[in-house]
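FYI, it's all coordinate maths here, none of it is from the lab. In this text the structure is predicted, and so the values were computed from the model without any measurement. Glycine also receives a Cβ, built like all others from the backbone with ideal geometry; neighbour counts cover every protein chain displayed.
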Amino acid sequence: MQNRQITNRGLSIGQISDRTGLAPSAIRYYEDESLVAPFRNAGGQRRYERADIRRLSFIMIAQQLGFSIKQIKAALASLPDNRTPTKADWTRLSKQFRDDLEARIAQMEALRDKLDGCIGCGCLSLKACKLYNPQDRIKTKGHGPRYLMGNSIEEIM
C-alpha cells in the first residue's frame, strides 16, 4: 500500500485511537505491516482518512476471531487503494472469510454440545459417554480429544 498525499486535514492517530479503541502503538504496528497507510501533513504528523476507522476495526475484529496478520493483509489487499471502500467492497471481502468462519462456528457448536455432557457425567469412562474410547482406537485419527474435534465412533468401527 502506498502512502497517500491528500490535501484535507485527516484524523490524527489520537483521534483514530479514540474512535477504534486501539492503542496508538497498535495503529503504528498496523502501519508497519502495511495494513493502513496514513499520509503525512506539512508538519510530518500521521493523518488518517475516515475510511481507516473501518479498516482498523476490521483488523481488530479479524484478529479477535483468530485470523493472522498475513490473512488479514491478503484480505485487505482486495480493497481499493484509490478510494473509500464501498459496502460492496466490504461484502466481497467478507465472503473470503465466510467458509472459515462457518467451519469455526460448527466446531464451536459441536464442542459446546459435546463438552457439557462430559462435564455432567464426571467419570469420562461410562459406555454412554461420548468420549468412551475402547482400546484407544480413536488414536488412529490423531492426537487430542478426537470426538470433541469432530471424529465419530463410526469412523473406527
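Other residues whose C-beta falls under 15 angstrom from the C-beta of ALA88 contribute a net charge of +4, scoring Lys and Arg +1 and Asp and Glu -1. Would you please state which residues of segment 52-69 a label at LYS87 would reach in this model, taking the label point 7 Å out along Cα→Cβ and a backbone N cut-off of under 14 Å? Correct set: none at all.
Distant-in-sequence amide contacts of LEU11, defined by a placed amide H-H separation under 5 Å and a gap of 5 or more residues or a different chain, comprise TYR48, GLU49. Placing pseudo-labels 7 Å out from each Cα toward the beta carbon at ALA23 and ILE61 gives an inter-label distance of 2.4 nm. Taken along its principal axes, the alpha carbon cloud of segment 1-85 reaches lengths of 38, 25, 19 Å, longest axis first.
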